[in-house]
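S.K.: I'd like to ask some things about the structure below.
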Amino acid sequence: MDFLFPPQAQAAVPIAGGTAFFPVHRIYCVGRNYVEHAKEMGWTGREPPFFFMKPADAVLPVAAGTVGEMPYPPMTDNLHHEVELVVAIGQGGKNIRVEDALSHIWGYAVGLDMTRRDLQAEAKDQGRPWCTAKGFDFSAPIGQIHRADTVLSIQQAPIRLDVNTQTRQNSDISKLIWSLAEIIACLSELYTLQPGDLIFTGTPAGVAAVQRGDLLEASITGLSDLKLRIV
Ligand code: MN
């Protein structure tokens, strides 16, 4: 096939213990999936899961043992961190049943759903889309992906984010409102999932602003840490 100009490079994330890269198809994100965070964002009761997306090339892959660099984005004065477990889909499908859902997972990684909170608040007030608040360049830092069968107990694993060595977010994956299987089942009713899809599964309480120069250290027990400097 002839292209008018060279296509953009495929967005990809490194794999733990391998040289191949995970090619990213889409990035789905779940809103308000921990009760204490939902409360801090104005939650009033159990609600169905809801989703938003980031472009695939918003990924900012950070190799294990290195510190990634995220440029502070333009048009915001309130850039927030949201540490999240990321599910990497290896087998696609639609209308996936909850009981089959975990078999569609290739692996897991630590991710940050970086958010322009001021633009999000404005979008909520005006009933407008969240795209500029959530889907900007470098808005999806992610650590290396671990194969699911090498991760022993991801559904009960401490999740934490430190900023400049001070703990900001500290919870456990077991506190997800919607489980990993329920998220995949739900999402697959709305979209045909494909190998290469990433799902950011929601953040626990404690979201707050970061500044240029801050060092973010995100961790989930059993996965490689994600280290990121805001520049
Ligand atoms: Mn989030």
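S.K.: Of all residues in segment 98-124, which are basic (Lys, Arg) and not in a helix (DSSP H, G or I)?
M.R.: ARG116
S.K.: I need a count of the residues in segment 1-42 that are more than 19 Å from LEU187 (Cα to Cα) and in a loop (DSSP other than H, G, I, E, B).
M.R.: Selection size over segment 1-42: 18.
S.K.: To continue, here is another question. What single numbered condition from (1) open to solvent by less than 10 Å² (accessible area, probe 1.4 Å); (2) assigned to a strand (DSSP E or B); (3) farther than 21 Å from ASP57 by Cβ fails to hold for SER188?
M.R.: (2)
S.K.: What residue, among those in segment 1-15 that are in contact (Cβ under 8 Å) with a residue 12 or more places away in the chain and of a type outside the set (Gly, Ala, Ser), is most open to solvent (accessible area, probe 1.4 Å)?
M.R.: Among those that are in contact (Cβ under 8 Å) with a residue 12 or more places away in the chain and of a type outside the set (Gly, Ala, Ser), it is GLN8.
S.K.: Against the condition in contact (Cβ under 8 Å) with a residue 12 or more places away in the chain, at positive phi and open to solvent by less than 20 Å² (accessible area, probe 1.4 Å), how does GLY202 come out, does it pass?
M.R.: Answer is yes for this residue.
S.K.: To continue, here is another question. In the set ALA157, ALA148, ALA181, ALA133, which member is more than 16 Å from VAL86 (Cβ to Cβ), hydrophobic (A, V, I, L, M, F, W, C) and touching a residue at least 12 places away in the same chain (Cβ under 8 Å)?
M.R.: Selected residue: ALA133, the only one of ALA157, ALA148, ALA181, ALA133 that is more than 16 Å from VAL86 (Cβ to Cβ), hydrophobic (A, V, I, L, M, F, W, C) and touching a residue at least 12 places away in the same chain (Cβ under 8 Å).
S.K.: Quick check on my filter: what residues within segment 72-124 are open to solvent by 60 Å² or more (accessible area, probe 1.4 Å) and in contact (Cβ under 8 Å) with a residue 12 or more places away in the chain?
M.R.: Answer for segment 72-124, where residues must be open to solvent by 60 Å² or more (accessible area, probe 1.4 Å) and in contact (Cβ under 8 Å) with a residue 12 or more places away in the chain: MET75, ASP77, GLN91, LYS94, ASN95, ARG97, VAL98, GLU99, LEU102, SER103, TRP106.
S.K.: Looking only at residues in segment 16-46 that are surrounded by 12 or more Cβ atoms within 10 Å (Cβ to Cβ) and charged (D, E, K, R), which one is nearest to the ligand (Cβ to nearest atom)?
M.R.: Looking at residues that are surrounded by 12 or more Cβ atoms within 10 Å (Cβ to Cβ) and charged (D, E, K, R), I get ARG32.
S.K.: Scan segment 50-71 residue by residue and report those that are within 16 Å of the ligand (Cβ to nearest atom) and crowded, with 16+ Cβ neighbours inside 10 Å.
M.R.: PHE52, MET53, LYS54, PRO55, ALA58, VAL59, LEU60, MET70
S.K.: Moving to a separate point now. Tell me, please, whether a residue that is of a type outside the set (Lys, Arg) and touching a Leu at 6+ places or on another chain (Cβ under 7 Å) can be found in segment 10-22.
M.R.: no
S.K.: If you scan segment 205-222, which residues turn out to be in contact with a Leu (Cβ under 8 Å, 6 or more places away or on another chain), among the hydrophobic types (A, V, I, L, M, F, W, C) and open to solvent by 20 Å² or more (accessible area, probe 1.4 Å)?
M.R.: Scanning segment 205-222 gives ALA209, LEU215.
S.K.: For segment 99-119, enumerate the residues that are over 10 Å from LEU79 (Cβ atoms) and within 14 Å of the ligand (Cβ to nearest atom).
M.R.: VAL110, GLY111, LEU112, ASP113
S.K.: Counting only residues that are more than 11 Å from the ligand (Cβ to nearest atom) and in a helix (DSSP H, G or I), which one in segment 125-134 is most open to solvent (accessible area, probe 1.4 Å)?
M.R.: ASP125
The values are calculated or read from the model by the stated rules, or taken from the named source; none is laboratory data. Just so you know, these numbers come straight off a predicted model, no measurement behind them. Methodologically, a virtual Cβ is constructed for each residue, glycine included, from the backbone with ideal geometry; neighbour enumeration extends over all protein chains shown. Each accessible area value is taken on the protein alone, full model and side chains, heavy atoms only, with ligands, DNA and RNA left out. Shrake-Rupley method; radii C 1.70, N 1.55, O 1.52, S 1.80 Å.
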